[in-house]
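Here is the structure we will look at, set down as structure tokens.
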Amino acid sequence: MTNIQIPAVRPQQPAAPATPAPRSSARDRGSRLLATLFLAPTIVGIVVFTVVPIVGSVVLSLFHWNVIDDPSFAGAANYREVFTDSTVLVSFRNTLVFMVFAVALQLVVALVLALAVNGRMPVWLRSVFRSAFFFPLVLSAASISVVMKYLFNQDFGVVNWLLGLVGVAPVPWLTSENAAMATVILVYVWQQFGFSFLLFVGGLNNIPKEIHEAASLDGATGLRKHLNVTLPLLSPTLLVASVVGIINALQVFEQPYVLTNGGPGDATRTVVMVIYESAFEQLRFGEASAVGVLLFVLIMTVTALQFRLSRRFVHYQ
Amino acid sequence: MSQATLSLSRTRHSLAPWARIAALAVCALLTLGPVVWTVSTSLRTPAEAFDLPPKIIPTDPSLEAYSGVFDQIDVWLLALNSTLVTALVAVGQMITAGLAGYAFARLEFRFKKPLFGLVLATMMVPLQVTIVPVFLVLKSMGLTDTLLGLIIPAFPTAFGTFLMRQYFLGMPKDLGEAAMLDGCGPWRIFRSVYAPLAAPGLAIVGVLAFNYHWNEFFRPLILETSGQNYTLPLGLVSLQGNLGTGSISVVLAGVVLSMIPAVAVFVVGQRPLREGITSAGVNR
């Protein structure tokens, strides 16, 4: 194989002593050709399935279109409609409520468990706990929600039976407006906290042991040590966990779709559910795209806001 | 002296280890409880499925519910569809991410920075926002309601590309330079020097792709309209819809069946999965 390579390089060699440029430019050309070939699948794919669709979403949002008839220009009509449609407005409110509670709960649970797992214990036990908390992440959100629908059933669900043992009256987990959102959040957090948990375990392992020892010697104690020493050192990881957590939470779909189908009423209808329903059930592609564009703007705004806020709170070592 | 202070501070200030471990054990039970309940209920006869208190070990284990799943839905077809989609996407992503990641890490070409910026930026774009135009693009290609429609758009992976770029950047540059002095061209340097070293990174990309696409629900729900193109999660949710008053043990048996490959990947691919997730946090 090496022998085949040599003739390809050799013809260049006579020129090489005078100016080394041709030789390296041949190599550059080879490297450019290879780069083009290597990048083509990814770049073409991204352009066709992400860049064009983003532009398409914006364009579509300015048209009325039901796939069957020709599209007609609508200007801002879809956006006006979106802002006056109570279901859409409620879905944005639901999604924001979901985001705040789901992300907060997820981060707190993950952080507390990561700190606890990081304490002293046998190595095998630590890896058992780590695997247990990580496990729900590998399951499908849709099928897990099917399972949870039974567990949270008001009449024969295991959750209410367990609560009954300690004398709590049956809770209408999925059928009352207030409880339904809480249930969706619980199910979501149950499956998702492992992600932040893994990030925190990684982040805690990166903190040098000496810093904690120094803090202990200076008289810092349990909770104070964590608040004043661990948290600032963990703040870059906290930022990533909350950014990823928020972006994911704003796109929640499977849990409310399977658990409650957006109900009761519109109590758990989320923005992505509205996009799905208006596009693929009601064939209102223009309105669906307008909602999509607004969701995109919301995600970008929240993320930008977070990075701005984080400048004050994130400390890099 | 300092050792005495350290051990003193440990006993005085941190929660007693046994209490911490007991609390962790309760949390682990809560986390795994629903899964254990699912498996145990799927092994009860449909008539006993609703029994409370739920017996974790069924008195009379039966596989009746499992044969019920096979009667209600074409499990083999759904599993075949899921396997085809997941395997092809995983292999496809390993190839595209490996190649693109290498190009960004080790090759010189014009517009490298803006192109890499483009790839990074698409990590921020949620699938749900672009799904309507993506659906229309696929429709114009005649790929709606086909498995290919699920597979082809999933080939480019921004995160995978990013991960592989980091991976290749972490390899010593001298290896390639030495090969170049030996007369290797850019392709040979990739093929014989760097590509073989990339296997662990590619495993991370593959396992992440497997986990995501085996469980994927949103795109199949939109793209696949005829039952013969359903994947497992879609089939399961429709199984639950078919039953109405029927037995939960049949539904749960279906859930268990669909979990098996995911659990297998968890057992075998736990390490790459964890590394993939952790590097999502560490590298950004």
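The values are calculated or read from the model by the stated rules, or taken from the named source; none is laboratory data. If you're wondering where the values come from, they're calculated on a predicted model, not measured in any experiment. Positions of Cβ are generated from backbone atoms using ideal geometry, with glycine treated the same way; all protein chains shown enter the neighbour counts. Calculation scope for accessible area: heavy atoms of the full protein, side chains included, ligands and nucleic acids excluded. Shrake-Rupley method; radii C 1.70, N 1.55, O 1.52, S 1.80 Å.
Report the residues of the stretch B:92-116 in range of a label on A:ASP28: point 7 Å along Cα→C-beta, backbone N strictly under 14 Å from it. Counting backbone N atoms under 14 Å from the label point, the list is B:108-112. Averaged over its residues, the stretch A:235-317 has an accessible area of 38 Å² per residue, based on protein heavy atoms and a 1.4 Å probe.
Please compute the volume of the convex hull spanned by the alpha-carbon atoms of the stretch A:108-202 and report it per residue in Å³. Show your work: numbers first, answer last.
Values: hull volume 11.9 nm³, N = 95.
For the stretch A:108-202, the hull spanned by Cα atoms encloses 125 Å³ per residue.
Assuming a ≥ b ≥ c are the square roots of the Cα gyration tensor eigenvalues, decide whether the stretch B:28-181 counts as rounded (a/c under 1.5), prolate (otherwise, with a/b larger than b/c) or oblate. Walk me through the numbers on the way to the answer.
On the way: a/c = 2.95, a/b = 2.02, b/c = 1.46.
Because a/c hits 1.5 or more and a/b exceeds b/c, the stretch B:28-181 counts as prolate.
Considering only A:ASN261, A:ASN206, A:ASN153, the Gaussian network model of chain A with Cα springs below 10 Å gives its largest mean-square fluctuation to A:ASN206. Taking a point 7 Å from the Cα of A:LYS209 along the Cα-to-Cβ direction, none of the residues of the stretch A:292-317 has its backbone N closer than 16 Å to it. Under a Gaussian network description of chain B, with springs only between Cα atoms under 10 Å, the residue in B:ARG271, B:ARG106, B:ARG191 that fluctuates furthest is B:ARG191. Close amide H partners of A:PHE63, meaning residues 5 or more places away or on another chain with modelled amide H under 5 Å apart, are A:ALA74. Once you reduce the stretch A:73-114 and the stretch A:148-166 to the center of their Cα atoms, the two points are 28 Å from each other.
So what are the protein assembly as shown's ellipsoid semi-axes, whole angstrom, largest first, if each one is the square root of 5 times an eigenvalue of the alpha-carbon gyration tensor?
Numbers: eigenvalues 351, 240, 129 Å².
Those come to 42, 35, 25 Å.
Nothing charged except the Cβ atoms of Lys and Arg (+1) and of Asp and Glu (-1): what's the magnitude of the dipole of chain B about its Cα centre? Round to the nearest 20 debye. Walk me through the numbers before you get to the answer.
Working: 18 positive and 14 negative charges, 275 e Å.
Dipole about the Cα centre, nearest 20: 1320 debye.
The convex hull drawn around the Cα atoms of the stretch B:127-221, when projected onto a plane and averaged over every direction, covers 7.8 nm². For chain A, the Kirkwood estimate of hydrodynamic radius, built from reciprocal distances between every pair of different alpha carbons, is 24.2 Å.
Which whole number gives the average, over all residues in A:95-104, of C-beta atoms from other chains lying within 10 Å of the residue C-beta? Working shown, then result.
Details: counts 0, 0, 0, 0, 0, 0, 0, 0, 0, 0.
If you average over the peptide's residues, the count of other-chain Cβ atoms is 0.
May I ask you to order A:158-164, B:80-86, B:128-134, A:134-140 by the average number of other C-beta atoms within 10 Å around their residues, highest value first?
On the way: A:158-164: 16.3, B:80-86: 20.1, B:128-134: 24.7, A:134-140: 22.0.
Going from most to least packed, we get B:128-134, A:134-140, B:80-86, A:158-164.
Please give the FRET efficiency for A:GLU281 paired with B:LYS113, using the beta carbon to beta carbon distance and R0 = 30 Å, rounded to the nearest 0.05. Approximately 0.10, to the nearest 0.05.
Beyond 35 Å, the tail of the calculated P(r) for chain B holds 39 percent of the Cα pairs.
For the pair B:ARG271 and A:VAL108, a Förster radius of 35 Å applied to the C-beta separation gives a FRET efficiency near 0.80, rounded to the nearest 0.05. Between A:ARG120 and A:MET300, what is the label-to-label distance in nm when each label sits 7 Å out along the Cα-to-Cβ direction? Each label point is offset 7 Å from its Cα along the Cβ direction, giving 5.3 nm. Taking only the C-alpha atoms of the stretch B:123-177, Rg followed by Dmax gives 16.8, 49 Å.
Between chains B and A, what is the buried accessible area in Å², counting both sides, with a 1.4 Å probe and ligands, DNA and RNA left out, to the nearest 100? Please list the in-between numbers first.
Values: alone 17060 and 19070 Å², together 27840 Å².
Chain pair B/A: roughly 8300 Å² of buried accessible area.
Projecting label points 7 angstrom from Cα along Cα→Cβ for B:ALA22 and B:ALA199 puts them 4.8 nm apart.
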